[in-house]
Amino acid sequence: PFVVMYAALRRWDTDPMRCKANLVFVLAAMRTLVTLIDAARGEYSDPVVLSSVVACAPACVLAYQLAGLLEGKVNPTLFRGLVVGKLMLNGLILLAPAAIELAAQAADKQ
């Protein structure tokens with residue numbers, strides 16, 4: 001998430017960063033809940049977004065519980081490395097399909 005990346009680049013103290021990041025994640029979870037409620041009422045029908053929300057909701061709850069258990073027990077240097085690694089993996093996951101599609105389009109033009 002953008003907050004974690006910004007905090008890592010600024011080299012903020014991890015305790016205030018965790019508090020601020022938790023607020024962002026709670027707000028994101030609330031938005032997920034609102035999307036589910038809207039879908040249950042029939043006011044929201046985008047199948048891609050709905051399937052993503054349904055798939056991610058349990059993972060969000062599990063991650064929040066796990067974060068509470070690990071708070072204060074993870075070495076800050078290891079934590080920073082894990083965050084950077086996760087952000088890089090997310091970037092690759094997002095960019096790989098676009099790169100493959102562009103390569104396919106370039107191959108089709110030749």
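Annotations
- Summed over the stretch 92-110, the residues that are open to solvent by 100 Å² or more (accessible area, probe 1.4 Å) and at pLDDT 80 or above give a count of 8.
- Of all the numbered requirements in (1) open to solvent by 70 Å² or more (accessible area, probe 1.4 Å); (2) within 17 Å of Ala28 (Cβ to Cβ), Leu89 misses one, and that requirement is (2).
- Yes/no for Val83 being in contact with a helix residue (DSSP H, G or I) (Cβ under 9 Å, 6 or more places away or on another chain) and open to solvent by 80 Å² or more (accessible area, probe 1.4 Å): no
- A search for C-beta distances below 6 Å between a residue of the stretch 18-43 that is surrounded by 13 or more Cβ atoms within 10 Å (Cβ to Cβ) and β-branched (Val, Ile, Thr) and any residue that is at pLDDT 70 or above and part of a helix (DSSP H, G or I), counting only pairs 6+ apart in sequence or on different chains, returns Thr32/Val53; Thr32/Ala57; Thr35/Val53.
- Among the residues of the stretch 77-109, those identified as within 18 Å of the chain's Cα centre (by Cα) and either charged (D, E, K, R) or outside any helix (DSSP H, G or I) (or both) are Arg80, Lys86.
The values are calculated or read from the model by the stated rules, or taken from the named source; none is laboratory data. As the structure is a computational prediction, the values presented were derived from the model and not from experiment. Positions of Cβ are generated from backbone atoms using ideal geometry, with glycine treated the same way; all protein chains shown enter the neighbour counts. Side chains are part of the model used for accessible areas, which takes the heavy atoms of the whole protein and leaves out ligands, DNA and RNA. Shrake-Rupley method; radii C 1.70, N 1.55, O 1.52, S 1.80 Å.
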